[in-house]
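> Input: one structure, supplied below.
The values are calculated or read from the model by the stated rules, or taken from the named source; none is laboratory data. Quantities reported herein were computed from a predicted structural model and do not represent experimental measurements. Neighbour counts run over all protein chains shown; Cβ positions are idealised from the backbone, glycine included. Just the protein is used for accessible areas: all its heavy atoms, side chains included, with ligands, DNA and RNA removed. Shrake-Rupley method; radii C 1.70, N 1.55, O 1.52, S 1.80 Å.
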Amino acid sequence: YCAICQRALIRSERITCLHCWRRLPWNRQLHETPIDMDQLFWGRCRIDACTYLLVMSKRGATRKLIHLLKYRGVQEIGFYLGEHMGRRLIHHAPYNCSDAIVPVPMSARKRAQRGYNQAEVIAEGLASTMKIPIASKWLLRQAQEGTQTKRSRMDRWTNASSDYVCLEIPPSIQRILLVDDVVTTGATIEACIQAIRRVREVEIIVVCLALPVRR
């Protein structure tokens, strides 16, 4: 059944019906760095490019898909949307020139509770179409105190800034695709970038499934 409208899917459809798929709020300029996402990191950390696949509003279809992916165990949503994003980025630099895909990590405790890391599922979809290897063990989350979802921007930064550690970046790696499901304040991404660059100076490109509407 369609994850959005619950209609029965036909054989050629996956996750959503064609009608709902066409109505999703896509980022039509996926290969271009969007100003609304880029400005989250101004004055905080350097990123070399960034993009998102879908706009997420409070009660829209994107939020429903993300909720199913994160809290209802529907991992296929992350993989399928990751595949779709990969097909759209594979012909565009600097995305297709990346040496490795690094998913934003999850603490061991939270991963045990959920059973999977949704950022890794998205990364697997990207890797399947872009043919770029996944490096899920380079970056780790050491601890986590509750969820980031309802924290203020300052609280998110304080909570995330010391939680991430980068174990290694091989000398051959020059450009990384850093992948997450949703970028809200940018605090988690900023903390991951700081951890990576404490080990090595590499180009970092940020991609995510969804960016919330900012009004």
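> Of everything in the stretch 72-82, what is in contact (Cβ under 8 Å) with a residue 12 or more places away in the chain and out of contact with any helix residue (DSSP H, G or I) (no Cβ under 7 Å at 6 or more places or on another chain)? Give them in sequence order.
Within the stretch 72-82, GLY73, GLU76 qualify.
> Can I ask one more? Taking ARG11 as the residue in question, decide whether it is at pLDDT below 95 and open to solvent by 20 Å² or more (accessible area, probe 1.4 Å).
yes
> Let me ask something additional. For the stretch 94-115, how many residues meet the condition of being in a loop (DSSP other than H, G, I, E, B) and among the hydroxyl-bearing types (Ser, Thr, Tyr)?
2
> Within the stretch 2-21, does at least one residue satisfy the condition of being closer than 30 Å to PRO171 by Cβ and not aliphatic (A, V, I, L, M)?
The answer is no; no qualifying residue exists.
> Suppose we filter the stretch 116-142 for residues that are closer than 15 Å to LEU209 by Cα and not in a loop (DSSP other than H, G, I, E, B); how many remain?
10
Listed here are the residues, each with its yes/no results for (1) part of a helix (DSSP H, G or I); (2) at pLDDT 95 or above; (3) open to solvent by 40 Å² or more (accessible area, probe 1.4 Å).
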position	(1), (2), (3)
CYS2	no, yes, no
HIS31	no, no, yes
LEU69	yes, yes, no
GLU76	yes, yes, yes
ARG88	yes, yes, yes
HIS92	no, yes, yes
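> Right, something else. Given the conditions (1) under 21 Å from ALA3 (Cα atoms); (2) out of contact with any Asp or Glu (no Cβ under 7 Å at 6 or more places or on another chain), which single one is not true for LEU89?
Of the numbered conditions (1) under 21 Å from ALA3 (Cα atoms); (2) out of contact with any Asp or Glu (no Cβ under 7 Å at 6 or more places or on another chain), the odd one out for LEU89 is (1).
> Does VAL104 satisfy being touching a Phe, Trp or Tyr at 6+ places or on another chain (Cβ under 6 Å) and at pLDDT 95 or above?
So VAL104 fails the test.
> Right, here's the next one. Cβ contacts < 7 Å: first residue touching a residue at least 60 places away in the same chain (Cβ under 8 Å) and farther than 26 Å from HIS67 by Cβ, restricted to the stretch 200-214; second residue part of a strand (DSSP E or B) and open to solvent by 10 Å² or more (accessible area, probe 1.4 Å), any location; separation 6+ or different chain. Result?
As it stands, the answer is GLU203/ARG175; ILE205/ARG175, since those pairs meet every condition given.
> While we're here: Taking the stretch 37-67 as the search range and keeping residues that are of a type outside the set (D, E, K, R) and assigned to a loop (DSSP other than H, G, I, E, B), which one is nearest to the chain's Cα centre (by Cα)?
Among them, the one singled out is ILE47.
> Just need a number here: residues in the stretch 162-196 that are under 19 Å from CYS97 (Cα atoms) and over 14 Å from the mean Cα position of the chain (by Cα).
Adding up the residues that qualify gives 8.
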